C-alpha cells in the first residue's frame, strides 16, 4: 500500500527540480502537489520496492503492507550510509531487529587509490 | 524535470522534440545500461540516446535490488556446460543454443564489470566467489540499479528520463527510431536513429494476480509491474517475428507477498513441504531430479499440491541456525526489502514457522523463459534496424542479470555493425503526426466524454487472461475453447480502446500501457493455441492436450500480417549445437 508520507516531515525537497522520491519511483507514482508535499497517484499501483523510502532525506516516507495481506503494524526503515545500509525492522509484537551490510565496494581502494 | 505539466488543450498545443542519434536504446535497465557502456568503449564519437519511462537510477525490474546473480560460470566449467544446464532447466528445450552459447561466452566478463563498478559480490575467506547453487552467486545488490545507471550516465549517453515509448519510427520496412511522450513534461518525442535497441523489459500485468482484489495491492506481484510489454508490443505492431511466447514464466513465490523463493530453497536448502509435512520434490518428483528438477516442474509443484488437496505449501525454514536466518533476511533486504516487512507484519520468525509459498501470476519475460523477439546472433529482430536485448529477446532463457548485461553488449555490437555506411531519409511526417494524434487522443476527449479508464480495461483484461488463458486461479490450465473465448474478448477490448480517456499525463501512460498489454496478450493466446501439447507444465499447460507431443519439438513463431492485422503462427526447427543429453545438465 505503499508509501505513507508524513506531511509534517515532507517539504517536497524544496529547491530541487524533482523531489528525491519522485526521482526514485520506477512507476512514476509520486509527485509534489500544489501544497508542496509529496503524494502518490495510486496506492494500488505501488510495487513496495522501497526506493522512495531509501531516497527520502527527511525520513518522511514509510512502506506499509496492505492490511489485507499483513497485520497492523510493522515498520521497516533504512538508514543510508556511505557504502552501507542499515535496516531497522519492528514486527507487530514490538520485536526489533537491526541489519547492517555493505552495499557498495570502495572503488578507490580497489583500484589502489587512497581514501 | 518540473512537476507534471498541465494537459494540453489541443493537439497543436503539444510541443514536439526532435532528437537525432546513432543508436537509440529504449529502456535504461539492465541490458540498456550495458549497451550504452559498450558503445562508449567501442566508439565514443557515436551519439547514443536512452529513452526511459522512469528515471534510470531506480527504474525497472532491478529497482528494488537483487540478492544474487543467477549465472556465473565457475572454474572448471565451460560456456557449453552452462548451455547444457540452461537447456535442461527448460525440459530439454527446444532453445536457441546459438544465442545461449554466445551469451554464455560474454557472461563472466559482464558480471566482473559489475564488481569493478562497485557491486559487492560475496567471497569466502580465501577470496573465492561464494556460490549458493551450481551456477548462482550471492551479492549485496541493493545498489545494483544505481551502479549500472551511473556507468551509463558516465558513458556519455544522452538520457531522456520520463519519456514513454509508444511506437517505432519506420522507414518502409526498416526501424529508424521510436516515438513517445514525456510523462511529466507532456512533450511529444521523435527519436530518429540509425539503429534501435529495444530493451524495455518484459510484460507483467497481463494476468490477474491472486492478491489483486485487495484494495491496495494490485501490484503485489513478483515482476516489476511497470514493465508492461511495451517492447514486445511496438515490435508486434510492425510485424516482427515473435518466438516462444507460449513459454510463460511462472515461478514458486512466497504466498500473499509474491517474493523470491530461490533465496530460501536454493540459497539455504530449505525443502519444499506440503500441509502434511511431506517433502514434495523428494517424494513426488524424485524421478525428475528432485530438488534439481527443471525449473517449471519446481514452479508448478506447490500448485499441484494445492490442487490435490494437500496445501498449504511451505519452504521449511524451521530449525535454521539464527545466523543463517539473519543472512537470509539480509538477502531479502537486498532484493525485496518489503518481504522482511511482510514477515514482520505477520509476526513471523522463519526459524520457528515455515515460509508459505504459492505460484505466481504468469509473466512474459525473455530473460527468464524464452519468449520474445526472434533474433539473429547479432540480436537483430526480423525488423531491420531493430535489435533486442534482455527480456525482449527470445529463444534464450535463464539470462537473468548477468545474461541481460551480456546481451546488452552483444546487441550494441550488432547495432554498430549494422549501421556502417547507413544513411537515413528524412523521417516520415505523416507517420509522426498520426502517432502524435493517437498518443494524445485519450487526453483530448473532453470532460463530458463518457468513456473508460485504463484501470477498468486493465482489470477486465487481467481477469479474462486469468480465467481463460491459464492464470493462477485455473492452476495455469487452459484449452482450445477457452483460448478462443479469450481471443474473442481481446478483439472486443481492442475495439473499445477508442473509449479510453486519461485525466492527466500519468494516466495517459497507463492508457498506452493497457493498449500494449492487449497486443501482447493476443499474441500470447495464439501461441498457447498453436502448441497442442503440454511441454512445460505450469508455464504452458493444455488440459485438452496433457502430454508432450514430439511433433511440437520445435519453436512456435508468430507474425502480424501487416495488411490484415491477423496474427499468423508457424514453426521453426530446433537445432542442437551443444552435444549431450538434452534433458540432463
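Which one is farthest from residue B:215 (Cα to Cα) among residues in segment A:66-95 that are assigned to a loop (DSSP other than H, G, I, E, B) and more than 9 Å from every other protein chain (Cβ to nearest Cβ)?
Per the criteria, the residue is A:82.
Somewhere in segment B:531-544, is a residue closer than 19 Å to residue B:206 by Cα, touching a strand residue (DSSP E or B) at 6+ places or on another chain (Cβ under 6 Å) and not assigned by TED's automatic domain parsing to the domain that holds residue B:295?
yes
Checking residue B:466 against (1) surrounded by 16 or more Cβ atoms within 10 Å (Cβ to Cβ); (2) under 25 Å from the mean Cα position of the chain (by Cα); (3) part of a loop (DSSP other than H, G, I, E, B), which test does it fail?
(3)
Looking only at segment B:26-41, decide whether some residue is modelled with pLDDT of 95 or more, part of a loop (DSSP other than H, G, I, E, B) and more than 14 Å from chain A (Cβ to nearest Cβ).
So far as segment B:26-41 goes, no, none of its residues is modelled with pLDDT of 95 or more, part of a loop (DSSP other than H, G, I, E, B) and more than 14 Å from chain A (Cβ to nearest Cβ).
Collect the residues in segment B:526-550 that are part of a helix (DSSP H, G or I), in contact (Cβ under 8 Å) with a residue 12 or more places away in the chain and farther than 30 Å from residue B:172 by Cβ, keeping them in residue-number order.
B:528, B:529
Conditions tested, residue by residue: (1) surrounded by fewer than 22 Cβ atoms within 10 Å (Cβ to Cβ); (2) within 14 Å of residue B:357 (Cβ to Cβ).
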residue	(1), (2)
B:252	no, yes
B:260	no, yes
B:276	yes, no
B:285	yes, no
B:298	no, yes
B:316	yes, yes
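Of everything in segment B:393-410, what is in contact with a helix residue (DSSP H, G or I) (Cβ under 8 Å, 6 or more places away or on another chain) and either modelled with pLDDT under 95 or not in a loop (DSSP other than H, G, I, E, B) (or both)? Give them in sequence order.
Scanning segment B:393-410 gives B:393, B:401, B:402, B:403, B:404, B:405, B:406, B:407, B:408, B:409, B:410.
What helices (runs of 4 or more DSSP H) completely inside segment B:241-339 contain at least 3 residues that are closer than 25 Å to residue B:145 by Cβ?
B:262-265, B:322-335
Looking at residue B:54, is it under 20 Å from the mean Cα position of the chain (by Cα), in contact (Cβ under 8 Å) with a residue 24 or more places away in the chain and in a loop (DSSP other than H, G, I, E, B)?
yes
Pick from B:153, B:221: which is within 19 Å of residue B:32 (Cα to Cα), in contact (Cβ under 8 Å) with a residue 40 or more places away in the chain, surrounded by fewer than 24 Cβ atoms within 10 Å (Cβ to Cβ) and within 14 Å of chain A (Cβ to nearest Cβ)?
From the options B:153, B:221, the qualifying one is B:153.
Taking segment B:228-259, which residues are out of contact with any helix residue (DSSP H, G or I) (no Cβ under 6 Å at 6 or more places or on another chain) and either at pLDDT below 90 or within 14 Å of another protein chain (Cβ to nearest Cβ) (or both)?
Answer for segment B:228-259, where residues must be out of contact with any helix residue (DSSP H, G or I) (no Cβ under 6 Å at 6 or more places or on another chain) and either at pLDDT below 90 or within 14 Å of another protein chain (Cβ to nearest Cβ) (or both): B:253, B:254, B:255, B:256, B:258.
Hey, among the residues in segment A:20-52 that are in a helix (DSSP H, G or I) and surrounded by fewer than 24 Cβ atoms within 10 Å (Cβ to Cβ), which one's farthest from the other protein chains (Cβ to nearest Cβ)?
Taking the candidates together, the pick is A:20.
The values are calculated or read from the model by the stated rules, or taken from the named source; none is laboratory data. Here the structure is a predicted model, which means the values were calculated and not measured. Neighbour counts run over all protein chains shown; Cβ positions are idealised from the backbone, glycine included.
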